[in-house]
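Asker: Structure incoming, see below.
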Amino acid sequence: MILRQNDKMMENSTIQALVVDNNPVLLKAVATILAREGCLVKSAATGLEALEIIQDYSPDIVFTDLIMPLVSGEQLCRILRNTKKHEDIFIVVLSAIILEDRERILREIACDLCIAKGNLQEIRQHVQEALATFMARKALRLRSGGMNTRIPIGLKPSEVTSELLSEKKHLVQIFANLDEGILELSGQAKIVAANDAALRILSCREELLIGRSLPEAINWGSFRESIGSWTDEQLIRQGMRSFEILEDNPLELNRRIITGSFLAVAESTSVFGLCILRDITRQYQAEKHNQELDNAIKLVKKMDAMSCMAGGVAHDFNNLLTVICGNLDIVAMYRDNRNETQRNKMIEQARRAALAAVDLTRQISCFSNFGIVSRKSTGIGQLVRTAVERFFESEPGDYTISASAADCQVYVDSDEITRAIANVLRNGIEASAGGPIEVTIGSEYLESPQLMSGQYVPAGSYAKIDIRDTGRGIDPDQLFRIFDPYYSTKERGALKGMGLGLTVVYATLRNHGGYVVVSSELHKGTTVTLFLPIQIDSGHDTGEKEKTPPRDALLIEPDNQMREIGRIMLEHLGFSVTPTGKRDEALTALRQLVADPVQPLPLAILDLSDANGESAVETCRLLHEIAPKLRVIAMSGTILDPVMQDCREYGFINTLPKPYTMDSLKHISGMVLNV
């Protein structure tokens, strides 16, 4: 009874059909058969035309060939099944290659019925059977799915067709496995094919691309106008020129960095387009990262040059002062035993040395004193508050100061840090023309080394001072020059800002084992962040020695002078040091150090220079074979070394950039031992 009611309902409703075939004879034949069966029929010569039709037409059943230009039947089936609006359409594949490609069709093509093309009578019979199958499924309200085949009796596969299909499969595999994304375009700039790489690069599904105009299908950002102009003038109007999106100005889409080539290609009497997309995200980020590292290295070299200069100046001053003091001492001691000529000669020598010292002082008048005279354990909060309040007592300006974390102790020369903070505040006041300054005191633990605005900061626990102004900001191209002596963003001739303010800040923080990071955005202001290592213990402050036995340290440094100074610094920090310059010596020493199971494991510091032809990474691995839980610090003078960028990937626990100071060595070793 229910089936009869459904039959009557089906009789009263007209089936809407769509026939797709690039063979005009078969297209007309199938359309005529369906029309005689009472169907409302629309026809399309290509898959692209079919996609345009179904935008305003909702067929109940689709008959499609497989091999067609401008969107194949296979693509059409896939798009229909993956589009919610059309997922229940009854799909019938009507193709001449079913016998030759049956296994793949059954496995990969999403259709309900597969009919092999035969003579006109056989096609009519199979089309009628397809309609009957569709009506039966609809009556039972069954969803589309599952495939049946209809093959005319006596039909045999063709060797020529099989060979052509084999060649086509080969080309399809090449197309699918390219790293470049390929979009094929019709002569009217509609996307008709996209390989897997293109879908991955664009983060888009096939059904959302195929059939759409290239300028409209993708968010081209600033290239939208250029893409539209190329499709209109070079592809549609056949100007035939190419267009490129290059590496120096790439497309940024869905967090990917993309370059592209757009080609108009002539084929017989028609033209089609190719859009070739390349995902260069990893390359782009690596180059950007290496550029930042290179800038950081240049900065370190400049500051090292300044250190050498400071040493030379100190040497000259010592010589001059020796001459001055020596002559004056002799005059004072023998003033009664020397004639006036001798005394005058000695005084004249002292005077000339003093004048030379004055001249030298004039040459370096903009330098601060980098020497750290007196250190003590100090709470960072009180130190910063006092420095800021003192500064604004003598300088007009508004400021706010806040703390984002609990107070922590740092081991510093308070006067030096106060002067460094004053230098940053003065720069901020000048940059923001008296605008408000925000000071934030906090702390930060870096689990691994970080590259911040081009500055390399090793892992560790740091007190953090953020000083933010509301000035015009610094151009990104100039950001890495701000630590250069005498550099200023102001015009030449301005007195303020032409000295060594941030250069002194950089040197002061570095002498304390700290770091300076500057981040800025044009028209939004600049933030200068000072990192100071948090004090691990107060041994330096009290002068008391540890009652427990000293901790062992294994220093592996091939350079004799560096090994000796490293040993002295580690012993000053309370370590019992075993220095060595070769791998086999280091392995022997480690075996001896771990022989006593009661003693804690030593701390190992390993230079990465690969001197003596010995790989530092391999040395680290061999050390861990002896003591799997050994903590090894990587030490290098270049932060471009991959180990310095990702030390834990290579078995190291932290990094120690060269040149290092007593404070940076103390901070890094203390952090490693307290992990």
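Asker: Per-residue counts of other Cβ atoms within 10 Å, averaged by peptide: what ranking do you get for 347-354, 239-246, highest first?
Answerer: Highest-to-lowest ranking by the protection proxy: 347-354, 239-246.
Asker: From the phi angles alone, apply the Karplus equation (6.51, -1.76, 1.60; θ = phi - 60°) to segment 91-97 and give each ³J(HN,Hα) in whole Hz, x where the residue is Gly or Pro.
Answerer: Calculated HN-Hα couplings, in order: 10, 10, 8, 10, 9, 8, 10 Hz.
Asker: Taking the Cβ-Cβ separation of residue 376 and residue 317 as r and a Förster radius of 30 Å, what is the calculated FRET efficiency to the nearest 0.05?
Answerer: 0.65
Asker: Once a ≥ b ≥ c are taken as the square roots of the eigenvalues of the Cα gyration tensor of segment 549-673, is the result rounded (a/c under 1.5), prolate (a/b larger than b/c) or oblate (a/b not larger than b/c)?
Answerer: Since a/c stays below 1.5, the shape of segment 549-673 is classed as rounded.
Asker: Follow-up. Compute the label zone of residue 173 within segment 262-296: residues whose backbone N is under 20 Å from the point 7 Å along Cα-to-Cβ.
Answerer: Inside the label zone: nothing.
Asker: Further question on the same structure: Take every Cα pair under 8 Å in segment 549-673 that's 6+ residues apart, average their separations, divide by the length, and report that relative contact order as a whole percent.
Answerer: Value for segment 549-673: 21 percent.
Asker: Report the Cα centroid-to-centroid distance between segment 441-466 and segment 386-416 in angstrom, as an integer.
Answerer: 19 Å
Asker: Sticking with this one: First measure r as the distance between the Cβ atoms of residue 521 and residue 598, then evaluate 1/(1 + (r/R0)^6) with R0 = 51 Å and state the FRET efficiency to the nearest 0.05.
Answerer: 0.35
Asker: Another question about this same structure. Give me 182, 417, 482 ranked fewest to most by other Cβ atoms within 10 Å of their Cβ, as a rough exposure proxy.
Answerer: Going from sparsest to densest Cβ surroundings: 182, 482, 417.
Asker: Using Cβ counts within 10 Å as a stand-in for footprinting exposure, how do 464, 658 rank, fewest first?
Answerer: Sorted ascending by nearby Cβ count, the order is 658, 464.
Asker: Which ³J(HN,Hα) values, rounded to whole Hz and listed in residue order, are derived for segment 27-35 from phi using the Karplus coefficients 6.51, -1.76 and 1.60 in 6.51 cos²θ - 1.76 cosθ + 1.60 with θ = phi - 60°, glycine and proline given as x?
Answerer: 4, 5, 5, 5, 4, 5, 4, 5, 5
Asker: Turning to a different aspect of this structure: Could you give the nm distance between label points at residue 406 and residue 188, where each point is 7 Å from its Cα heading toward the beta carbon?
Answerer: About 7.2 nm, to one decimal.
Asker: Lys and Arg at +1, Asp and Glu at -1: add these up for the other residues within a Cβ distance under 10 Å of residue 75 and post the number.
Answerer: The answer is -2.
Asker: Using the Cβ atoms and a cut-off under 14 Å, what net charge is assigned to the surroundings of residue 178, where Lys and Arg are +1 and Asp and Glu are -1?
Answerer: For residues surrounding residue 178, the net value is -3.
Asker: Just report the Cα centroid separation between segment 247-272 and segment 602-622, whole Å.
Answerer: 47 Å
Asker: Find how much the distance from residue 289 to residue 37 grows on full extension, using 0.36 nm per residue of separation minus their present alpha carbon separation; answer in nm with one decimal.
Answerer: Taking 0.36 nm per residue and subtracting the Cα distance, the gain is 83.9 nm.
Asker: Something else: Quick check: residue separation of residue 104 and residue 398 times 0.36 nm, minus the Cα distance between them. What number comes out in nm?
Answerer: 98.3 nm
Asker: Output ³J(HN,Hα) for segment 67-72: one whole-Hz value per residue in order, computed from phi by the Karplus curve 6.51 cos²θ - 1.76 cosθ + 1.60 with θ = phi - 60°, and x for Gly and Pro.
Answerer: Rounded to whole hertz, the list is 9, 8, x, 6, 6, 6.
Asker: For residue 629 and residue 568, compute 0.36 nm times the residue count separating them, minus their Cα-Cα distance, and round to one decimal in nm.
Answerer: 19.4 nm
Asker: Separate question: Starting from the 7 Å offset along Cα-to-Cβ, what nm value, one decimal, do you get for the label separation of residue 213 and residue 84?
Answerer: 2.6 nm
Asker: Check which residues have an amide H placed less than 5 Å from residue 257's amide H, if you skip close sequence neighbours.
Answerer: Placed amide hydrogens put 280, 281 under 5 Å from residue 257.
Asker: Place the peptides 64-75, 663-674, 226-237 in order of packing, highest mean first, counting for every residue the other Cβ atoms within 10 Å and averaging per peptide.
Answerer: 64-75, 663-674, 226-237
Asker: Excluding residue 462 itself, calculate the net charge of residues whose Cβ lies under 13 Å from the Cβ of residue 462, where each Lys or Arg counts +1 and each Asp or Glu counts -1.
Answerer: -3
Asker: Using r as the Cβ-Cβ distance of residue 267 and residue 247, and R0 as 22 Å, what FRET efficiency do you calculate, to the nearest 0.05?
Answerer: That gives a FRET efficiency of 0.15.
Bear in mind that the values in this text are calculations on the coordinates, not laboratory data. Predicted model, so just to flag it, every value in this text is computed and none were measured. All Cβ positions, even for glycine, are placed from backbone atoms using ideal geometry, and neighbour counts span all protein chains on display.
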